[in-house]
Structures are given as structure tokens and as C-alpha cells.
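In what follows, a single structure is set out as C-alpha cells and then discussed.
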Amino acid sequence: AQRVTQPEKLLSVFKGAPVELKCNYSYSGSPELFWYVQYSRQRLQLLLRHISRESIKGFTADLNKGETSFHLKKPFAQEEDSAMYYCALREESGAGSYQLTFGKGTKLSVIP
Amino acid sequence: DTGVSQDPRHKITKRGQNVTFRCDPISEHNRLYWYRQTLGQGPEFLTYFQNEAQLEKSRLLSDRFSAERPKGSFSTLEIQRTEQGDSAMYLCASSSYGGSTYEQYFGPGTRLTVT
């Protein structure tokens, strides 16, 4: 079965410092990887997906199949980045499954 | 359309009672998902509908849990004979069909407390 691991429950960084939220996965095929974010008192929302190879709010994430990782990075943290971040995996397209498997989440706190 | 809505937002019930939650997806979305989230954990998949057909069920979904989507629009999740271990946030999400990528849009959740 697939598994997603986020090793840090809490990550505190100073404003302007680089951020890296770690995500490792266990899956034998070619999964789709996502980062979801939940700001205080808001619902869970998609931040970015590996297929799009896009930068959202300054965040990027590269899928490293060799290391089975999908770490989320931002060069300069902003206070508004403080939130709960979840890494999620979907089985490869065509496998017939649409469920997402989530990690336990990392709470990012940006210190002013 | 303001997104996925869930009702109620909070539910407190006594052990052994039955509860039912409702989810209204984004109107043009034909896929609907239920997840459960307990404290300190990420959301865990429960079940998935495409239109009115329930296509996937997790082993987490015991026989006390039942979900329906009778007309392919809103969905209900019922928990019979609730137990304290059922206390959690129940999340609903929806997505559209087709395309090479998709995004699940989440509702605000229903927080269940079983006393």
C-alpha cells in the first residue's frame, strides 16, 4: 500500500529565510504528488501538483523518483505562509483509483 | 456557487446514537469523496462516488458506516451506533471528470464528537 511520510510535525523559520518541507513516499508505480495547504480557519486547498511543474505563491516542488521525495521549497518565507501543509499521493493514472493518501502534515510557522 | 458545503459543521452525540452528515459538492462536479481526519493526522480516505455509483470503499469504512449519493448530486454519510473512536473531522471533497489532472475541492468539514 502507498504511504506518505512528512517527518516534521512543526517547522519554524524566520521571515525571509528559505523553507523546505519534506515529503517522502512509498509506492511502486508512478504516482501523482500534490501539496495541500490549510490556513488558519480555512478549508484544505490545493497548493500545487507535480505534473504542472508550476510555482504557486513562490513555492515549488520537484518529484525525485530516485529518492521517492517531493519536497516543498520556497526561497524566502513570508508571514502569510504560516499554515498546515499536507503532502498527498494518488496512484498512477489509469490505475482506477482516485483516492488521495495524505501525510500527517507539517505546521509551518514563520517568525516575524 | 461558493464551493463544497457540509452540514452540520459540528455534531455532538452520545455513544450508540446514529448520525448523518450531508455534503453538497460543486454543482458541475461528478466525483465526490469522503475523508476522515483525526487529531494530528492527515485526512484518510473513506469512500468515493462517480455520479451516483460508489466506486471505492476503504477498509476504514466499517459496516456501521454507509454513504449514499442517490441522484448524483449531494451525498450523505451515516454512522450507526457511534463509538468514541468515531470522533473526528469528516471531510467531503469533489472534483470534475476528465483531463490529465484533477483537483479535489474540499468542504469545511463536519466535526463529530461522541461522548
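Within the listed set A:Phe70, A:Phe59, A:Phe14, the Gaussian network model of chain A (springs between alpha-carbon atoms below 10 Å) gives the highest mean-square fluctuation for A:Phe14.
Along region B:39-48 the Karplus relation, 6.51 cos²θ - 1.76 cosθ + 1.60 evaluated at θ = phi - 60°, assigns HN-Hα couplings of 4, x, 10, x, x, 10, 5, 10, 7, 9 Hz to successive residues, with x for each Gly and Pro. In this simple spin-label approximation, B:Leu60 and B:Glu83 carry label points 7 Å from Cα along the Cα→Cβ vector, and these lie 1.5 nm apart. Each residue of region A:44-51 is assigned a 3J(HN,Hα), and the resulting list reads 5, 9, 6, 9, 7, 10, 5, 5 Hz, derived from the Karplus form 6.51 cos²θ - 1.76 cosθ + 1.60 (θ = phi - 60°), x at Gly and Pro.
With both residues required to sit in the protein assembly as shown, DSSP beta bridges show an antiparallel share near 85%. The longest stretch of chain B left intact once loop-based trypsin sites (Lys or Arg not before Pro) with at most 13 other Cβ atoms within 10 Å are removed from consideration, loops following DSSP, is B:16-58.
The charge dipole of the protein assembly as shown, taken about its Cα centre with unit charges on the Cβ of Lys, Arg, Asp and Glu (plus for the first two, minus for the last two), comes to roughly 600 debye. Its relative contact order, with pairs defined as Cα atoms under 8 Å and 6+ residues apart, puts chain B at 36 percent.
The mean sequence distance of close C-alpha pairs (under 8 Å, at least 6 residues apart), as a share of the length of chain A, puts its relative contact order at 38 percent.
Residues whose amide H falls under 5 Å from that of B:Ser87, counting only those 5 or more places apart or on a different chain, are B:Val114, with hydrogens built in the peptide plane. Projecting label points 7 angstrom from Cα along Cα→Cβ for A:Ala17 and A:Tyr39 puts them 2.3 nm apart. Which one, B:Leu77, B:Leu55, B:Leu91, has the greatest fluctuation when you compute a Gaussian network model over chain B with C-alpha springs under 10 angstrom? In the Gaussian network model the winner is B:Leu55.
Write out the trypsin sites (Lys or Arg not before Pro) in region A:1-88 meeting two conditions: DSSP loop, and at most 14 other Cβ atoms within 10 Å of their Cβ. Listed in order of number, the matching sites are A:Lys9, A:Lys15, A:Arg41, A:Arg53, A:Lys57, A:Lys65.
Highest mobility in the GNM of chain B, judged by mean-square fluctuation with C-alpha springs under 10 Å and restricted to B:Ser27, B:Ser62, B:Ser96, is found for B:Ser62. Among B:Ala88, A:Ala1, B:Pro108, whose Cα projects farthest towards the positive end of the dipole of the protein assembly as shown, with charges put on the beta-carbon of Lys, Arg (+1) and Asp, Glu (-1)? Among B:Ala88, A:Ala1, B:Pro108, the one farthest towards the positive end of the dipole of the protein assembly as shown is B:Ala88.
Between B:Phe45, B:Phe21, B:Tyr33, the Cα set farthest toward the positive side of the dipole of chain B (charges on each charged residue's Cβ, about the Cα centre) is that of B:Phe21. Here the Karplus relation 6.51 cos²θ - 1.76 cosθ + 1.60, evaluated at θ = phi - 60°, turns the backbone of region B:89-95 into coupling constants of 9, 9, 10, 10, 9, 9, 8 Hz, with x for every Gly and Pro. Computed from label points 7 Å out along Cα-Cβ, the spacing between B:Arg15 and B:Glu52 is 3.9 nm. Just to confirm a number: summing +1 for Lys and Arg and -1 for Asp and Glu over residues other than B:Phe45 whose beta-carbon lies under 15 angstrom from that of B:Phe45, what do you get? Charge balance in the 15 Å sphere: +3. Comparing Cα centroids, region B:15-75 and region A:1-59 end up 24 angstrom apart.
Rule-based calculations on the coordinates, nothing more; no lab input. Source: prediction; values computed, not measured. FYI the Cβ positions are ideal-geometry reconstructions off the backbone, even for glycines, and counts take in every protein chain you see.
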